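The values are calculated or read from the model by the stated rules, or taken from the named source; none is laboratory data. As the structure is a prediction and not an experimental result, all values here were calculated from the model. All Cβ positions, glycine included, derive from the backbone under ideal geometry; neighbour counts span all protein chains shown.
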Amino acid sequence: MKHEITFRPSGKKAVVSHGTSVLAAAHRAGVHIPTRCGGKMGCLMCKINVDEEARGMLSRPAESEKRKLGSLVHQGVRLSCQSKIEGPVTVDIPEDKLKAAIRKQLEAARQEDQDQLW
């Protein structure tokens with residue numbers, strides 16, 4: 001059985017086999033999810049956000065993933081290397097912290113430029 005996964009905010013999609021990890025699906029779709037451990041749940045870098053509706057389309061978190069993420073699991077945070085696709089799903093890839101900081105600085109500079117024009 002095949003399922004479609006959509007990655008936000010890029011909107012990129014992939015059709016993958018039932019049980020494929022979100023990390024593998026992201027690779028297939030050309031979506032970068034950072035990882036250092038190669039998908040072995042060692043680095044905790046491959047976090048994704050899943051809304052309540054989509055949680056039923058992924059495998060349930062194993063006890064080891066729950067221990068690693070703690071209360072974040074209840075907020076919809078999962079490890080993409082451990083989340084297996086079980087139905088059509090949309091997941092959110094958090095923005096890289098460095099890129100987010102740069103984006104905020106650029107937005108502030110643009111706003112300042114606009115304020116000076118008025």
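Couple of notes before you dig in:
- Residue that is surrounded by the most Cβ atoms within 10 Å (Cβ to Cβ) [pool: residues in the range 28-51 that are small (Gly, Ala, Ser) and closer than 14 Å to ILE5 by Cα]: ALA29
- Residues that are surrounded by fewer than 18 Cβ atoms within 10 Å (Cβ to Cβ), modelled with pLDDT of 95 or more and not in a loop (DSSP other than H, G, I, E, B), drawn from the range 85-98: THR90, ASP92
- Evaluation of ALA54 against (1) surrounded by 18 or more Cβ atoms within 10 Å (Cβ to Cβ); (2) modelled with pLDDT of 95 or more (one fails), failing number: (2)
- Matching residues, the range 38-52, being part of a loop (DSSP other than H, G, I, E, B) and either closer than 13 Å to ASP92 by Cα or of a type in the set (Val, Ile, Thr) (or both): CYS46, VAL50, ASP51, GLU52
- Only residues that are closer than 16 Å to ARG78 by Cβ and not aliphatic (A, V, I, L, M) were counted across the range 4-41, and they come to 11.
- So LYS68, is it closer than 30 Å to THR20 by Cα, loosely packed, with under 10 Cβ neighbours inside 10 Å and among the basic types (Lys, Arg): no
- For ARG78, the conditions (1) more than 12 Å from the chain's Cα centre (by Cα); (2) part of a strand (DSSP E or B); (3) charged (D, E, K, R) all hold with the exception of (1).
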